[in-house]
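Enquirer: The following block contains the structure, expressed as structure tokens.
The values are calculated or read from the model by the stated rules, or taken from the named source; none is laboratory data. The model shown is predicted, which means the values in this text are computed figures rather than measured ones. Every residue, glycine as well, gets a Cβ built from its backbone with ideal geometry; the counts of neighbours run over all protein chains shown. Accessible surface is based on the protein model in full, side chains and every heavy atom, while ligands, DNA and RNA are left aside. Shrake-Rupley method; radii C 1.70, N 1.55, O 1.52, S 1.80 Å.
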Amino acid sequence: MNTPAQQTETSAIPVLWCNADAVTSSVMEAVSFVTPVLENFFIRTVAEGVRAQHDAELARRCQEFIHEESNHSVVHKRFNALLLNRLGKQPPGLSMVAALLDGARRRLSISKRLALAAALEHFAAVISKLYISHEPSLEFESAFAKELFDMHAREELAHRCVVFDLWRAQDNGGRFARIAAIAVALFAGALYVSIAVPWILHRKTGKRYFRTGAGLAGFVAKNLKDTLTRTPVAELFSFVRRDFHPVSLIDDSALNRL
Ligand SMILES: [Fe+2]
Ligand SMILES: [Fe+2]
């Protein structure tokens, strides 16, 4: 399929490109920067895991998964390069995520790495579902950004079962492995966001600490009720249930109509 980068002329990205809001734009930029780092881990893990796979259909889905994630990384890197023109450098916290995933790659068995990748893919699917439900109310000042995030959310939901099925084809998916994978993914994700988002916001406000703090406080105050009532906590943690399967996250026929 055509990528957003092929469909849309890319130009400078406005500072407040999402919802005309500095914090929302900073959150989306933090997500975009970490995406190629995570996808590199997914691609390498699935490429290694599929070697021991004799189910031809699952192997075909894995190859398609690798192709899609590679494409996501290419387009996000292109978008990130535009962001870097303004930010000057990548947000702190990114090298920590890369080092953690590199440590996982060198120290953990393929089964444990697949469990971690399945947990992270589950997070990506839950966040994509949340994004799609909010998408009608989001206002983008960049057509490239909108096409990129729309395409990525749809494809994440469509391939949400692949890593999970590959993991379960090789491992019984015990409860401890599920809890450990979700705990590591949550901890590292929260740490990265809490470092990267204020840093990006600080750059957007012209490196003014007061405006950065006031922007964050205002965003929390404005969105606290919505965050408390609409964050899909049960869906996020459903991964630890023994009967969990990502197919239940969304009706595929509804997804195909999007
Ligand atoms: Fe992706
Ligand atoms: Fe994915």
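Enquirer: Kirkwood hydrodynamic radius, segment 107-182, all distinct C-alpha pairs: what's the number in Å? List each step's numbers first, then the result.
Expert: Details: mean 1/r = 0.0728 Å⁻¹.
Taking the inverse mean of 1/r over all distinct Cα pairs, segment 107-182 comes out at 13.7 Å.
Enquirer: Also, I was wondering about something else. Given Cα pairs under 8 Å that are at least 6 residues apart, what percent is the relative contact order of the chain? Intermediate results must be reported in sequence, preceding the final value.
Expert: Details: 257 pairs, mean separation 77.0, N = 258.
Once normalised by length, the contact order is 30 percent.
Enquirer: For segment 130-218, state which chymotrypsin sites (Phe, Trp or Tyr not before Pro) are in a DSSP loop and have at most 16 other beta carbons lying within 10 Å of their beta carbon.
Expert: Values: sites: Y131, F140, F144, F149, F164, W167, F176, F187, Y192, W199, Y209, F210; in loops: none.
The qualifying sites: there are none.
Enquirer: Which value, in Å³ per residue, describes the convex hull spanned by the Cα atoms of the chain? Write out the running numbers ahead of the final one.
Expert: Details: hull volume 32.9 nm³, N = 258.
Convex hull of Cα atoms, per residue: 127 Å³.
Enquirer: Which distance in nm do the two modelled labels at D226 and A169 give, with both placed 7 Å along the Cα-to-Cβ direction?
Expert: Each label point lies 7 Å from its Cα, and together they span 4.1 nm.
Enquirer: Please work out the Cα convex hull volume for segment 181-257 and give it in Å³ per residue. Mind dumping the intermediate values first?
Expert: Working: hull volume 10.7 nm³, N = 77.
Expressed per residue, the convex hull around the Cα atoms of segment 181-257 is 139 Å³.
Enquirer: How about segment 190-258: which trypsin sites (Lys or Arg not before Pro) there lie in a loop by DSSP and see at most 16 other Cβ atoms within 10 Å? Walk me through the numbers before you get to the answer.
Expert: Working: sites: R203, K204, K207, R208, R211, K222, K225, R230, R241, R242, R257; in loops: K207, R208, R241, R242, R257.
The qualifying sites are K207, R208, R241, R242, R257.
Enquirer: What distance in nm separates the simple spin-label points at R105 and V247, each placed 7 Å from Cα in the Cβ direction?
Expert: 3.2 nm
Enquirer: For a Förster distance of 45 Å, can you work out the FRET efficiency between the beta-carbons of H67 and K207, rounded to the nearest 0.05?
Expert: Details: r = 40 Å, r/R0 = 0.90.
According to the calculation, E is roughly 0.65.
Enquirer: Give me the accessible area of M96, 1.4 Å probe, in Å² rounded to the nearest 10.
Expert: M96 has an accessible surface of roughly 50 Å² with all protein chains in place.
Enquirer: In square nanometres, what is one fourth of the surface area of the convex hull spanned by the alpha carbons of segment 3-95?
Expert: Numbers: hull surface 29.4 nm².
Here the figure is 7.4 nm², rounded to one decimal.
Enquirer: Hey, how many Å between the Cα centroid of segment 100-125 and the Cα centroid of segment 188-244?
Expert: Distance between centres, Cα-based: 23 Å.
Enquirer: What ranking, highest mean first, results for peptides 120-128, 243-251 when packing means the other Cβ atoms within 10 Å averaged over each residue? Spell out each step's value before the answer.
Expert: On the way: 120-128: 22.3, 243-251: 14.1.
Per-residue mean Cβ counts within 10 Å order the peptides as 120-128, 243-251.
Enquirer: Using a simple spin-label model with points 7 Å from Cα along the Cα→Cβ vector, what separation in nm is obtained for A217 and N19?
Expert: Taking the two extended label points, one gets 2.0 nm.
Enquirer: Charges only on Cβ, +1 for Lys and Arg, -1 for Asp and Glu: so what's the dipole of the chain about the Cα centre, in debye to the nearest 20? Walk me through the numbers on the way to the answer.
Expert: Values: 31 positive and 26 negative charges, 218 e Å.
Result for the chain is approximately 1040 debye, rounded to the nearest 20.
Enquirer: Continuing with the same structure: Restricting to lysine pairs 8 or more places apart or on different chains, what number in the chain have Cα atoms under 20 Å apart?
Expert: Total qualifying Lys-Lys pairs in the chain comes to 9.
Enquirer: Report the charge-dipole magnitude of segment 63-151 in Debye, nearest 20, computed about the Cα centre from +1 at each Lys and Arg Cβ and -1 at each Asp and Glu Cβ. Walk me through the intermediate numbers first.
Expert: Working: 11 positive and 10 negative charges, 132 e Å.
Once rounded to the nearest 20, the dipole reads 640 debye.
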